[in-house]
1. Restricting to the range 56-88, count the residues that are of a type in the set (Lys, Arg) and either outside any helix (DSSP H, G or I) or closer than 23 Å to TRP39 by Cβ (or both).
2. For the range 29-72, which residues satisfy the criterion of being aliphatic (A, V, I, L, M), touching a helix residue (DSSP H, G or I) at 6+ places or on another chain (Cβ under 6 Å) and either without any contact (Cβ under 8 Å) to a residue 12 or more places away in the chain or open to solvent by less than 50 Å² (accessible area, probe 1.4 Å) (or both)?
3. Would you confirm, using the coordinates I've provided, whether GLY10 is out of contact with any Phe, Trp or Tyr (no Cβ under 8 Å at 6 or more places or on another chain) and on the phi > 0 side of the Ramachandran plot?
4. Going residue by residue through the range 21-43, is there one that turns out to be over 14 Å from the mean Cα position of the chain (by Cα) and outside any helix (DSSP H, G or I)?
5. So in the range 1-27, with the set limited to residues that are under 30 Å from MET56 (Cα atoms) and among the small types (Gly, Ala, Ser), which one is surrounded by the most Cβ atoms within 10 Å (Cβ to Cβ)?
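The values are calculated or read from the model by the stated rules, or taken from the named source; none is laboratory data. Just so you know, these numbers come straight off a predicted model, no measurement behind them. Note: ideal-geometry Cβ built from the backbone for every residue, glycine included; neighbour counts use all protein chains shown. Keep in mind that these areas ignore ligands, DNA and RNA; they rest on the heavy atoms of the full protein, side chains included. Shrake-Rupley method; radii C 1.70, N 1.55, O 1.52, S 1.80 Å.
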Amino acid sequence: MLKLDFTTTGYILMCLIWSLAGIIGAVLAHKKGRNPFFWGTLCLIAPIALFAIGGMRAPGEPLPPIFQREKEELERQARERAEQQSRQ
């Protein structure tokens, strides 16, 4: 059976890790132009949110090339559909 040992050292380490996650989340959010208070609090509560803020693009940041090609293809298809509908 798994024995859980709740010691003072464990609580201190847990607080340090979660505090560090909150600080990193707030710094990343600030760099990405998001609300650092919200993201810092969210990362403090659920450190997995670091992946969400880390994956976001900053406003005005260009799309990666693979997504840019996909966006251009979708725009081209939309123009073709609009032209077909205007002909009918």
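1. Of the residues in that region, 1 qualify.
2. The answer is ALA29, ALA49, LEU50, ILE53.
3. In short, no.
4. no
5. Result: GLY25.
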